[in-house]
Amino acid sequence: MTGLKLLGLAAGCTVLVLLQTPAALAGAAAVVLALYAVARVRPAAAWGQIRPVRWFALALFVTQLLLADLPAATVTTMRVVLMVALAGLVTLTTPASVMLAALERGLAPLRLVRVDPFRVSLMLTLTLRSVPLLTDLARRVREAQRARGVSWSVRAFAVPLVVGALRHADALGEALSARGLDD
Amino acid sequence: MIELTGVGVRLAERDVLDGLTLTLPERRIGVAGANGSGKSTFARLLNGLALPTTGTVRVLGMDTRREAAKIRRRVGFLFTDPDAQIVMPTVAEDVAFSLRRRGLPKAEVAALVEEVLSRYGLAAHADHPAHQLSGGQKQLLALCSVLVLEPDILVMDEPTTLLDLRNSRQVARILRDLPQQLVVVSHDLALLADFDRVLVLDQGKLVADGPPEPALGHYRDLMA
Ligand SMILES: Nc1ncnc2c1ncn2[C@@H]1O[C@H](COP(=O)(O)OP(=O)(O)O)[C@@H](O)[C@H]1O
Ligand SMILES: [Mg+2]
């Protein structure tokens, strides 16, 4: 079942890349919404999947609008948001351990090129797990800036965020070793 | 049993630890010292996360330089920040993750996970996202994920530093009942007060070593 979902996700993303008009993507959006409804995902949980990319989506839309035109900006942005929504639907309806096992099975051919499927699937799982932590970190950085009366600046935001993320990655790597996962 | 012989650790051209020769047979050992005195490096030496630049560290009869992987299977490590060591999205999955290399049948894994979670009052949260737990609950989860493997030795690096008084006391109570040999780095003097032996580090050197009362007295004087 999980394997099917992941295949479906891959197929869905391919279709999204092939769709070229705002009308087609609006149709795709309706399909995605229907899938969420069928899976009985609460709207708050659904928004939780999209929320982390909202600024990225906005930036993408504006850039495309400046570089191309409104239809192109709409198509590109909707495509990315719908892909995230589809991936989110899979994560919401699949326990991480089940996904890990399915990915590991699906990635088994990688062994031929001497890549450990467990490592790849673990990396993907860890990426999922990092999203709430990074969202939290971003909120704390913003609060710390507000507390010091610093007005908005990309650098003052990005530097502590990147440092924090790297420190987290470091600590995580060490914790994985401590749990015996690097041998 | 833990044995250090002439251990020094040099990082970025500085002696982070220097001249440590110690035999630690006691069951509960505390480590205190100022920030930057080398406590975390000391703790990380005990499961091969850090290796000595000079000398040798032997744990359960094995050299950490040669058999780190084997040692890690028998030495559990608890970090200060549980967010860094919780790997899976939900509570039960994280504990089960520890067991994956054991190759146990699913039902057995589920039973072990259930048992350890209920022992520490987390059974009701089994299917909750780990990031929604309180700080104290997260640290308990991290502890469950370590204890489910039934290690022979538990090393903890400031396990209560991020916890409030109530959660610190709960962790202290749990530690009191654990059968394992414990090495606990802490600034929480109450936590170490009934330990068998306390080591005090200052700038990478051992400056006090003995029963908690005199050793922690020495630590207080250092901090004054
Ligand atoms: N990887 C490293 N590279 C360089 N210096 C380090 C490294 N890890 C720790 N140190 C330094 O070693 C000293 C002791 O660190 P640590 O063992 O973390 O002390 P403590 O846990 O007592 O605060 C600190 O001065 C720290 O800056
Ligand atoms: Mg430390």
Counted residues, region B:172-202 - those being at pLDDT 95 or above, surrounded by fewer than 22 Cβ atoms within 10 Å (Cβ to Cβ) and within 16 Å of ligand 1 (Cβ to nearest atom): 1
Meets criteria (more than 17 Å from the chain's Cα centre (by Cα), within 16 Å of ligand 1 (Cβ to nearest atom) and within 27 Å of B:Val9 (Cα to Cα)) for B:Leu206: yes
Qualifying position, being away from ligand 1 (no atom under 12 Å from the Cβ), over 23 Å from B:Ala172 (Cα atoms) and without any contact (Cβ under 8 Å) to a residue 24 or more places away in the chain, among B:Thr90, B:Thr54, B:Thr23: B:Thr23
Strands (runs of 3 or more DSSP E) fully within region B:21-108 counting 2 or more residues that are within 14 Å of another protein chain (Cβ to nearest Cβ) and either crowded, with 20+ Cβ neighbours inside 10 Å or within 16 Å of ligand 2 (Cβ to nearest atom) (or both): B:75-78
Selection count, region A:122-151, where residues are within 14 Å of chain B (Cβ to nearest Cβ), among the basic types (Lys, Arg) and either in contact with a Gly (Cβ under 9 Å, 6 or more places away or on another chain) or outside any helix (DSSP H, G or I) (or both): 1
Selection status of B:Leu149, within 16 Å of ligand 1 (Cβ to nearest atom), touching a residue at least 60 places away in the same chain (Cβ under 8 Å), of a type in the set (A, V, I, L, M) and part of a loop (DSSP other than H, G, I, E, B): no
Region B:1-20, residues that are within 16 Å of ligand 1 (Cβ to nearest atom) and not in a strand (DSSP E or B): B:Ala12, B:Glu13
Given (1) more than 11 Å from chain B (Cβ to nearest Cβ); (2) at positive phi, number of the condition A:Arg119 does not satisfy: (2)
Answer from B:Leu147, B:Leu104 - the residue that is more than 17 Å from the chain's Cα centre (by Cα) and at negative phi: B:Leu104
Given (1) open to solvent by 60 Å² or more (accessible area, probe 1.4 Å); (2) part of a loop (DSSP other than H, G, I, E, B); (3) not basic (Lys, Arg), number of the condition B:Pro159 does not satisfy: (1)
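The values are calculated or read from the model by the stated rules, or taken from the named source; none is laboratory data. On a predicted model such as this, the values are computed, not experimentally measured, just so you know. Neighbour counts are summed over all protein chains in view; Cβ atoms, including those assigned to glycine, are modelled from backbone coordinates with ideal geometry. Each accessible area value is taken on the protein alone, full model and side chains, heavy atoms only, with ligands, DNA and RNA left out. Shrake-Rupley method; radii C 1.70, N 1.55, O 1.52, S 1.80 Å.
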